[in-house]
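Step one of this worksheet: look at the structure below.
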Amino acid sequence: MIWRDHPLCAPADRWPTVFWGPEPLDAEAWRAFSSRLDVAAEAAVLDRELSDASSVLDVGGGLGTVTRRLHLAGRRCVLVDPTVPAAGTVDADDGTAIQMVPGRAEALPFEDGSFDAVVATWILQYTSDPARAVSEMIRVAAPRARVLIVQAHPDNPIVRCYNACAAITGRPLAHHGFLLAHAAEALAARRFTSIELTTVPAFVDFDATSVQGREQLAATIVDLHFAGSVHRPAMLSRAREILREAHEAVAVGEARRAAIADHGVLLIGRR
């Protein structure tokens, strides 16, 4: 399989020669963004894949935005992230204690084969060396484990906003298919016999009928990666254009809400 040709690793005409990152991430903007982020559907997909795992490692999980949504009862669950100040625990939605450990994806502080499943959602673009991070995930995965990696869908409007802002500053463009394809190749090289890519849905809530709502979301998305830039006015203008075109109505029960799709691609590697 030539993974770079997979439709979920598109666009083919923008394939980079080297990794463009690590992308900067502003902590305050991330808190504002994550408060609007609905990852319930993404967590449900991960749940199904983790159904028989007795130990789970969440790499780069921050404060557990996704991890806390998983049904972890009866499992050992560990979250590792460089923003964790000290070892401790946090409760998942089902009351399970998640162990929090400081550490980076490029140098995971665990023994070989420590986990039945390793999960990394939306983090490779923030690492200094994505290939090293994936290698570490593989190293700590047990002989019959699976590795689950989520990156952005080719049509993700948040990434379109990032790339529009990056173009204004002359920075290289992001390409999440590049990250996924190289991760798939690394898994195949380490004898993961089943590798697949599938779309996972996620949404960012905002009031599409409100100019103020669109302005707030555009500012949050710009500041995620370009906080303090002298080009901020031009970036906000481009972000508003992209968000105006990208909003959609999302069904929630019998009601509908305005949202921006923040869909991802789940890479599943099974041994």
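Tabulated data
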read-out	value
SER114 on the phi < 0 side of the Ramachandran plot and free of Cβ contacts under 8 Å to residues at least 60 places away in the same chain	yes
Test: ARG190 is over 14 Å from the mean Cα position of the chain (by Cα), basic (Lys, Arg) and buried (at least 22 other Cβ atoms within 10 Å of the Cβ)	no
Wholly enclosed strands (runs of 3 or more DSSP E) of segment 79-134 bearing at least 2 residues open to solvent by 10 Å² or more (accessible area, probe 1.4 Å) and in contact with a His (Cβ under 6 Å, 6 or more places away or on another chain)	none
Pick from segment 135-152, criterion surrounded by fewer than 17 Cβ atoms within 10 Å (Cβ to Cβ) and of a type in the set (D, E, K, R), ranking: nearest to the chain's Cα centre (by Cα)	ARG139
Yes/no for GLY213 being modelled with pLDDT under 95, open to solvent by less than 10 Å² (accessible area, probe 1.4 Å) and farther than 29 Å from ASP129 by Cα	yes
Condition broken by MET1, with the remaining ones in (1) in contact (Cβ under 8 Å) with a residue 60 or more places away in the chain; (2) in contact with a His (Cβ under 7 Å, 6 or more places away or on another chain) satisfied	(2)
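The values are calculated or read from the model by the stated rules, or taken from the named source; none is laboratory data. Small disclaimer: the values here were computed from a predicted structure and weren't measured. Ideal geometry is used to build each Cβ from the backbone, glycine not excepted, and the neighbour counts take in all protein chains shown. Side chains included, ligands, DNA and RNA excluded: accessible areas come from the protein's heavy atoms. Shrake-Rupley method; radii C 1.70, N 1.55, O 1.52, S 1.80 Å.
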